[in-house]
1. Would you calculate the separation in nanometres between label points at Ser128 and Val30, each defined as 7 Å from the Cα along the Cα-to-beta-carbon direction?
2. Assuming R0 = 35 Å, can you tell me the calculated FRET efficiency for the pair Met23 and Thr106, based on Cβ-Cβ distance, to the nearest 0.05?
3. Using 0.36 nm per residue, how much length does the chain from Ser94 to Ala121 gain when fully extended, once their Cα-Cα distance is taken away?
Amino acid sequence: MGGVRWWEERGSSSLASVFGVMMFLGLLLVATQVLVHLYATSMVTAVAFDEARRASAAGADGTVRGGCDAGVEPRVRSRLGRWGASASVECRASSSDPGTVTVRVTGPSPARSLAALGVVAVSDIDRSATFRTEVPPADDP
């Protein structure tokens, strides 16, 4: 019984281990890129919402405090940091619905690896927020 028993020397090959590690790292990359895209989309949505609300607000003296000419674009760019420098910011009063202000922010997604994989839905971020312009309260005599 002194023969070689090759069937007892079972184990994982180095090729299978490398393949497993590469699959894990690939899935980790995809998960990270999805989280980066979702975070960036959430930030852009929040900034557009805040600035549209601010642009539509009425002041205590009865005048419209905000408006599109009140520096919406510089505030959006400063709040979004380096990404905001390359983004397109548009603030306008709606012509179809008078009394509303819309702030729209568009730009490329920071998760460019997903776009390279062919996921077109995450290549750009395009968010807008629309608010009705607040009417100052009338003074009751």
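1. Modelled inter-label distance: 3.3 nm.
2. Here the calculated transfer efficiency is 0.50.
3. Net length gain for the segment: 7.0 nm.
Where a number appears in this text, it was derived from the coordinates with a stated rule and is not lab data. Keep in mind the model is a prediction, meaning the values are calculated, not measured. All Cβ positions, glycine included, derive from the backbone under ideal geometry; neighbour counts span all protein chains shown.
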